[in-house]
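Here the structure comes first, spelled out in structure tokens, and everything after it is commentary.
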Amino acid sequence: MLLLARCLIAAALVFASAPFAWSQSWPVKSIRLIVNFPAGGTTDLMARAFAPQLAETLGQPIVIENRGGAGGNVGLEIAAKAAPDGYTLLASSGSPIIVGPHLYKLGFDVGRDLVPIVPLARILTVLVVRPDLPARSVAELIAYIRANPGKLNYGSVGTGSTLHIHAERMLRAAKLKATHVPYKGAAQMLTALLGYEVDFAFDSGLTIPHIKSGKLRLLAVAGVTRSPLFPDTPTFTETGTEVADTLFGVYAPTGTSRDIVARLNQEVTRIMKTTEARAAVTSMAADVVTASPEEFAALMNRDRERFGAFVREADIRAN
């Protein structure tokens, strides 16, 4: 009996330590990092700001896989339904996480099937117009839209994206209408802006170089205080418009080992504080954000409820 008890105890210890030992050996092969928007967009650039250094730290390749479509939901679903073994991660903007569930009938539950690992950065949201448009402030843009009912259109990175919602909130507050033109990603929307296919748009960083070159005109920026990049440009709060910044982050399928989640949070947080990563983030007019997995999850749950309320109020529906 004593020998049997000792064997049972030894077996229990082995099984109890197995997840820890397994996670300590992770990773032993390349890791797939799904980006749920096309290459060249803000989400893609944000992923590439940390992926090379993470690959070096972990000693395994990080293979970026751009799976855009359906407002980010294509890549989202692939990640949510992947094996929770630590070899599939997702880099996403906030829109598919906090708005998508209110617009689409998904074959998965964002809150249940994805684990928030680590936030990356909060992108500066800006409002830009074509330089030939006779509007040099938010008030002048609103006045111009009012004087030209039904004639203006605006771009977004997809129906129900936070950028789409920002525009709708501004228009509804002023009791105005403009035609929404959704694109598959930020790069496509930027091309449309520069090609004068759309008149104005809310953007989260990709337009910054074109604002500085004069190819686009900046009207307002998000934030509590004015951006150091554009100290002469008013915040949305100053213009009386309510706009929140966009939070980018990394996720994994639910069931992924807590040890792996904790390690990724620690390593990515460290990388995002490096000079190289900060420079990449700053070039997109963004600020690095740090939080534990639990804090990150709480932030996204709060935003999902807040944006969901407006989607229902404005009766925004997916195309």
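Quick notes on this one:
- Considering only Thr207, Leu120, Pro149, the residue lying farthest towards the positive end of the dipole of the chain is Pro149, judged by Cα position with unit charges set on Cβ.
- For Ile64, distant residues with modelled amide H under 5 Å away: Leu33
- Axial C-alpha extent at least 30 Å, average Kyte-Doolittle at least 0.5 - helices from the chain (DSSP): 2-25
- DSSP assigns beta bridges within the stretch 126-239; of those with both partners inside it, close to 55 percent run antiparallel.
- Assigned charges on the beta-carbon of Lys, Arg, Asp, Glu; the stretch 126-239 dipole about Cα centre (debye): 160 debye
- Environment charge at Ile211 (Cβ cut-off 11 Å; Lys +1, Arg +1, Asp -1, Glu -1): +2
- Simple Cβ-charge dipole of the chain, Lys/Arg +1 and Asp/Glu -1, about Cα centre, in debye nearest 20: 260 debye
- Across the stretch 225-241, computed HN-Hα scalar couplings (Karplus, 6.51 cos²θ - 1.76 cosθ + 1.60, θ = phi - 60°) run 10, 5, 6, x, 6, 9, x, 8, 9, x, 7, 4, 4, 5, 8, x, 10 Hz from first to last residue, x flagging Gly and Pro.
- Among beta bridges that DSSP assigns inside the chain, antiparallel share in %, nearest 5: 60 percent
- In this structure the amide hydrogen of Ala121, modeled in the peptide plane, comes within under 5 Å of the amide hydrogens of Phe248, Val289, none closer than 5 places in sequence on its chain.
- Residue among Arg112, Arg217, Arg136 with the largest mean-square fluctuation in a Gaussian network model of the chain, springs linking Cα atoms under 10 Å: Arg112
- Less than 5 angstrom separates the built amide H of Ser156 from those of Val181, Tyr183, all sequence-distant by 5 or more or on a different chain.
- Scalar couplings 3J(HN,Hα) for the stretch 91-97, obtained by applying the Karplus form with A = 6.51, B = -1.76, C = 1.60 to θ = phi - 60°, are 10, 9, 6, x, 3, x, 7 Hz; x denotes Gly and Pro.
- Phi angles across the stretch 196-211 convert, under the Karplus curve 6.51 cos²θ - 1.76 cosθ + 1.60 with θ = phi - 60°, into 3J(HN,Hα) values of 6, 6, 10, 8, 7, 6, 8, 9, 10, x, 5, 7, 3, x, 7, 5 Hz, Gly and Pro given as x.
- Where only C-alpha atoms are counted, convex hull volume of the stretch 126-239 per residue in Å³: 93 Å³
Every number here is computed from the coordinates shown, using simple stated rules; none is lab data. On a predicted model such as this, the values are computed, not experimentally measured, just so you know. Backbone-built Cβ (ideal geometry, glycine too); neighbour counts: all protein chains shown.
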